[in-house]
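Student: Okay, handing you the structure first.
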Amino acid sequence: MFAKALLYTATLAILILSVVPNYKHLPEVFSLSDILNHLGAFVVLSALLDFAYSKLKTSQKIFMLLGYGLFIEIVQYFIPYRKFSVEDLLIDALGVAVYFLVTKKLVASMLKTF
């Protein structure tokens with residue numbers, strides 16, 4: 001239950017940050033490069049989704065995460081001060097891939113020790 005609450009909170013926070021008009025004036029923690037913001041956000045979302053919905057297949061989780069990234073870009077397309085960005089989608093996908101590749105390797109290496 002706690003993992004789901006964190007997932008939904010993070011999802012909402014990321015959506016709000018993605019539509020905020022003057023994001024350059026947000027506190028310092030949010031003014032890192034756009035690439036790091038997207039990468040970090042989708043690594044965190046991947047982890048939260050993985051824990052909150054552990055029974056889902058990895059492919060389903062990846063589809064949901066990439067769908068959410070696409071949803072944000074579509075919303076931004078309709079906002080005058082934002083734009084749709086394929087580059088942002090690719091970085092989102094990289095964040096998802098980083099999480100699932102790292103966790104898969106960690107699990108595989110742990111299984112080898114047994």
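The values are calculated or read from the model by the stated rules, or taken from the named source; none is laboratory data. None of these values were measured; they are calculated from a predicted model. Using ideal geometry, Cβ is built from the backbone for each residue, glycine included, and neighbour counts are taken over all protein chains shown.
Student: Within the range 71-93, can you find the residues that are hydrophobic (A, V, I, L, M, F, W, C) and surrounded by fewer than 15 Cβ atoms within 10 Å (Cβ to Cβ)?
Tutor: Result: F71, I74, V75, F78, I79, V86, L90.
Student: Closer than 19 Å to I35 by Cβ and either surrounded by fewer than 16 Cβ atoms within 10 Å (Cβ to Cβ) or modelled with pLDDT of 95 or more (or both): is that true of L66 in this structure?
Tutor: yes
Student: Look through the range 15-51, keep the residues that are of a type in the set (V, I, T) and at pLDDT below 95, and return whichever of them is nearest to V96 (Cα to Cα).
Tutor: Across the range 15-51, the extreme among qualifying residues is I35.
Student: Could I ask something else about it? Only one of (1) at pLDDT 95 or above; (2) under 22 Å from L101 (Cβ atoms) fails for T58. Which number is that?
Tutor: (1)
Student: Somewhere in the range 56-67, is a residue in a helix (DSSP H, G or I) and farther than 17 Å from T11 by Cβ?
Tutor: Just the residues of the range 56-67 that are in a helix (DSSP H, G or I), to begin with: 58-67.
Narrowing further to those that are farther than 17 Å from T11 by Cβ: 58-59.
Among the residues of the range 56-67, at least one is in a helix (DSSP H, G or I) and farther than 17 Å from T11 by Cβ, which makes the answer yes.
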